Amino acid sequence: MSVQAAPGAASAGAVVKQLGTAGRRQRVVANYVEFAKYGSGEIFQYDVELSPAQGEFRRLPPPELTRGVFDQAMRIHRQAKLGNTPMVYDARKIAYAPKRVCGPTETLRLEVSYTEDGRASSFVIQLREAAVVDTSTIERFVHGDRGMEIADIQPALTALDLAIGSVAHADMVGFGRSFFTRAQSKPTAGGLELWQGFSFSVRPGIDRLYLNVNTAVTAMYAPGALLDALVKVLDLRDADQLRGHVTPQTVRAMGSYLRGMVLYLRHRGIRGKRKFAIKGMTTNPLDRESFEWEDPNNPGHPESITVAQYYRRRYNIDLRYPYLPGLVGRRNAVFPIELCEIAENQRYKGKLNEQQTADMVQFACRKPNENMGRITDVLQQLNFNASPMVQAFGLSLNTRLAEVESRVLPAPELNYGHGSRDPRVTPVDGAWNMRDKCVHTPGESLKYWAVLVLADRRQLPDNKVQAFVTTLVDMCNRMHTRIEDPRPRIYYGNLNADIAAEMKRACDAIRLPPNTAPQLLLVVLPTTNTQVYQTVKNCAYTTLGIQTQCMQAKHMQRPNPQYCANLCLKINVKLGGTTQSLPTAHLQRLLHRKCTLFLGCDVTHPAPGEQFRPSIASVVGSTDFMGLRYAATLIQLPSRQELVSRLQEAVVRHLKLYYKGTKQKPDHIIFYRDGVSETQFNQVRDRELIEIQRACSSMQPEYQPMITFVAVLKRHNTRFFPMGRDGDRRTGNCVPGTIIDRSVTMPSLFDFYLFAHGAIQGTSRPTHYYVLHNDAKFTADELQQLTYHLCYTYAICTRSVSLVPPVYYAHRVADRARCHLVDMGIGFEDAATATGGFYGGAGTTTARQAEDPNLITKIIKTHDRLDASMYFM
């Protein structure tokens, strides 16, 4: 198919839609359903102000309440005040109607009584017209009108999303565009349940509008007695085990679980169930937490009593567990844990532990044909075409999932080093074997290293450690990672002591010539404890300036050659070596025979609720002609900032490192940018493209290399299912090299989906690439092949990876940011994993963090000795 060119002369770097032709053609099924009909008229957008009949909300109530109140108002007033016009509501502040329900300058007031948990309350809803959405913009957009952007049709898509979602809300619990049901659930550790469900999203395609439907899984709080749930969270036999043993650790675990939870309170003196949200926990146990109380039977004589005494005297309840902290609700009311119940239908937003994560993966893991069957079943079950709301918005859906054209690109040939029995290998199904292969380029010889064992010496005596080291050294030498000292010093450290000091002692045990630093410290950890690992890495990155390789003690018990080979690859890369490469002539042809700097960038944000924790931008850049070696730069940003400040400074650094490694300036820069949503494309591209150009001109005013800017999206809900025998015979997924750039891609953007890896289990997810700037005038075939073939060069794998390596490395660097920030008291754990103080409430430390000079925008430095290395592997 020929390239679609926009009318008129395109400016340098301007991007037009391109479709590739290379590869074997085949058809796949997408999890998209085409709209047979979608309206081309007007949709009316309304601002919604929901308030109690008396007073006002300090903050908007939870979505389930606001949606319930709004739906009740629609039932009561639809005929009299709305002219039988249905409305859809986002449960916050916006609603849409297919017809006008009040004049453009009018305010429609709806009064409603709503009963929740047996208690009736009165509310007022005020509707004001905010905008008129022209749905004909969708028609123009899908037919490739280059004057339109995705943001121009977003209001129309949002309205249609809500219309579709209104059908799912009747049978499922909804969170945004995702809907779940407890009918398909599984209990997991720590008082949680796993629920299955679906996501629904209206998406534009080429000449068509689609509904994207995907399976989904989420963690929910298990409803029931709170005390029983906390016993599971703390992995206890019963609550009596906490008597006298309430520690900061147990309180943190409880606070992690409780954060954001809504509870019911049930006890004598309160009619029915009373719902409340948790603000925090008391500073003391309930038999020591006191307050001033005036007994109704003895007015005028306030006295100081404990919370436990209050419940005995006020409600005649003797608390069974007064040694536990209490829960603090609105107006600082305190409630005993043992009298609380967990409300239904609450999503858990905290970080899952290892067991919960394993259960989640197993629960979500389904073969492609099973997922496709579930999607087909839910479409039949919900029957969108029969919905009056869907009909009112002028929508009609086809009944079958869409079939789209795809192509399968051939895998590249890979080159290994001299000494290999056959230095060339062609992967099959995205994988290959390194047997009898030597690394492409050995790193520096390992002369000065030591082993730091932080495990129990009785479990891991010297002879076992040395046996493992001997196997590792033998494997490294066979792969041409040269190790000159086969018997490094073995130092046993104390895991409960100062880890940094133990690392320093292990390094001091190495016999070093003057002015020489240790090259490597092999650190043996007894467990996967994140805090210990982060401390080790932080000390190595910032204080000692040495390469470290961590491993678990269990792997030392019986040396496994395959495990040692994997360690060898990591060590070789950290010492400056490379593992495999693409053929030079092939890569240069794809790069138009120009010296090319590959840059990868990702921005990692703190978890929901962590308002004053920084975001971290990671930038990696290649330092050789083949795009095999990379250096990293970390930039600390204000919380939740997406644009990368100080990108110019980071790019200047990588231009210098590229020149240092190649003795040439790059003629071309390919910038792979992760973490950007479609609505932010133009803003991020324009800002960051200027930063890259300024970095180049700051080196020399006339220096203007070509720049290609590619956005990378991994978190999306598009899936493809092979037809017939075209898929992977083992997993049923699309085979590596599958490209989709037609039908369900953007109408006027140069974008494509790529399956670069062979999935091990479950349904694989393609990576979505958007070419936003193209100075080099890459064709679709060139950029698709380049991106795919780079996925075979990830340094520590004998499999292709799902993300282009510059972005994959940027992810790893961002993950290592946790280690850099350990000494600043800044964690990157989920919002639910931190509490302030012993029994402190949520957010007690945020004021200090907001003023912390460590949270300003800045480059985060590693030790000079690691500055240009791949320490992050």
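Descriptive notes on the structure:
- Only listed residue being loosely packed, with under 14 Cβ neighbours inside 10 Å and not charged (D, E, K, R), chosen from 358, 364: 358
- Any hit, the range 773-781, residues being in a helix (DSSP H, G or I), in contact (Cβ under 8 Å) with a residue 40 or more places away in the chain and more than 22 Å from the chain's Cα centre (by Cα): yes
- Residue 399 vs. criteria modelled with pLDDT under 95, over 22 Å from residue 802 (Cα atoms) and either within 36 Å of the chain's Cα centre (by Cα) or among the basic types (Lys, Arg) (or both): yes
- Flag: residue 201 matches the condition of being in contact with a Lys or Arg (Cβ under 8 Å, 6 or more places away or on another chain) and modelled with pLDDT of 95 or more.
- Selection over the range 86-121 of residues that are of a type in the set (A, V, I, L, M) and over 21 Å from residue 60 (Cα atoms) gives a count of 2.
- Just so you know, in the range 79-109 the residues that are among the polar types (S, T, N, Q) and in a loop (DSSP other than H, G, I, E, B) include one that is nearest to residue 166 (Cα to Cα), and it is 85.
- Looking across the range 360-403, the residues that are among the hydrophobic types (A, V, I, L, M, F, W, C), in a loop (DSSP other than H, G, I, E, B) and within 27 Å of residue 97 (Cβ to Cβ) come down to 393, 395.
- Index of the failed condition, residue 579 passing every other in (1) closer than 30 Å to residue 353 by Cβ; (2) touching a helix residue (DSSP H, G or I) at 6+ places or on another chain (Cβ under 8 Å): (1)
- Residue 123 being among the aromatic types (Phe, Trp, Tyr) and part of a helix (DSSP H, G or I): no
- Subset of the range 635-654 [over 18 Å from residue 676 (Cβ atoms) and among the aliphatic types (A, V, I, L, M)]: 652
- Scanning the range 560-600 for residues that are within 30 Å of residue 447 (Cα to Cα) and among the small types (Gly, Ala, Ser) yields 565, 576, 577, 581.
- Restricting the search to helices (runs of 4 or more DSSP H) fully inside the range 452-545 and requiring at least 2 residues that are over 30 Å from residue 441 (Cα atoms) and touching a strand residue (DSSP E or B) at 6+ places or on another chain (Cβ under 7 Å) gives 499-508.
- Residue check, residue 147 of a type outside the set (A, V, I, L, M), under 30 Å from residue 342 (Cβ atoms) and either out of contact with any Leu (no Cβ under 6 Å at 6 or more places or on another chain) or assigned to a strand (DSSP E or B) (or both): no
- A count restricted to the range 680-717 and to residues that are of a type in the set (A, V, I, L, M) and over 19 Å from residue 657 (Cβ atoms) stands at 8.
- Cβ separations smaller than 7 Å between residues 6+ apart or across chains give the following pairs from the range 115-134 residues that are without any contact (Cβ under 8 Å) to a residue 12 or more places away in the chain to residues that are of a type outside the set (Asp, Glu) and surrounded by fewer than 14 Cβ atoms within 10 Å (Cβ to Cβ): 120/113.
- Selection count where residues are more than 25 Å from residue 525 (Cα to Cα) and part of a helix (DSSP H, G or I), scope the range 553-589: 6
- Selection from the range 151-188 of residues that are under 16 Å from residue 35 (Cβ atoms), in contact (Cβ under 8 Å) with a residue 60 or more places away in the chain, among the β-branched types (Val, Ile, Thr) and buried (at least 22 other Cβ atoms within 10 Å of the Cβ): 164
- Filter result (more than 17 Å from residue 253 (Cβ to Cβ) and in a helix (DSSP H, G or I)) within the range 343-359: 358, 359
- Check on residue 55, part of a loop (DSSP other than H, G, I, E, B), out of contact with any Pro (no Cβ under 8 Å at 6 or more places or on another chain) and closer than 27 Å to residue 124 by Cα: yes
- Some residue of the range 405-427 being surrounded by 20 or more Cβ atoms within 10 Å (Cβ to Cβ), in contact with a Gly (Cβ under 7 Å, 6 or more places away or on another chain), more than 30 Å from residue 549 (Cβ to Cβ) and not aliphatic (A, V, I, L, M): yes
- Pairing residues of the range 69-97 that are within 14 Å of residue 169 (Cβ to Cβ) with residues that are charged (D, E, K, R), at Cβ distances under 8 Å and at least 6 apart in sequence or on separate chains, gives 86/78; 89/67; 89/71; 91/64; 91/67.
- Pairing residues of the range 477-492 that are among the aromatic types (Phe, Trp, Tyr) with residues that are part of a loop (DSSP other than H, G, I, E, B), at Cβ distances under 6 Å and at least 6 apart in sequence or on separate chains, gives 491/509; 492/457.
- Any hit, the range 721-734, residues being crowded, with 21+ Cβ neighbours inside 10 Å, touching a residue at least 60 places away in the same chain (Cβ under 8 Å), in contact with a Phe, Trp or Tyr (Cβ under 9 Å, 6 or more places away or on another chain) and within 30 Å of residue 682 (Cβ to Cβ): no
- If you filter the range 782-796 down to residues that are hydrophobic (A, V, I, L, M, F, W, C) and in contact with a strand residue (DSSP E or B) (Cβ under 9 Å, 6 or more places away or on another chain), you find that the one that is farthest from residue 429 (Cα to Cα) is 783.
- Candidate set from the range 57-96 (those that are among the polar types (S, T, N, Q) and touching a strand residue (DSSP E or B) at 6+ places or on another chain (Cβ under 7 Å)); member that is surrounded by the fewest Cβ atoms within 10 Å (Cβ to Cβ): 85
- Residues of the range 335-373 that are farther than 22 Å from residue 192 by Cβ and basic (Lys, Arg): 367 alone.
- Residue list for the range 521-556, restricted to those being farther than 23 Å from residue 868 by Cβ and not polar (S, T, N, Q): 524, 525, 526, 532, 533, 551, 553, 554, 555, 556
Residue-by-condition table, conditions (1) out of contact with any helix residue (DSSP H, G or I) (no Cβ under 6 Å at 6 or more places or on another chain); (2) in contact (Cβ under 8 Å) with a residue 24 or more places away in the chain; (3) over 30 Å from residue 135 (Cβ atoms):
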position	(1), (2), (3)
215	no, yes, no
218	yes, yes, yes
224	yes, yes, yes
233	no, yes, yes
237	yes, no, yes
246	yes, yes, yes
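- Considering each residue of the range 192-206 in turn, none proves to be in a helix (DSSP H, G or I) and buried (at least 21 other Cβ atoms within 10 Å of the Cβ).
The values are calculated or read from the model by the stated rules, or taken from the named source; none is laboratory data. Just so it is clear, the structure is predicted and the values come from calculations on it, not from any experiment. So basically every Cβ, Gly included, is an ideal-geometry build from the backbone, and we count neighbours across all protein chains shown.
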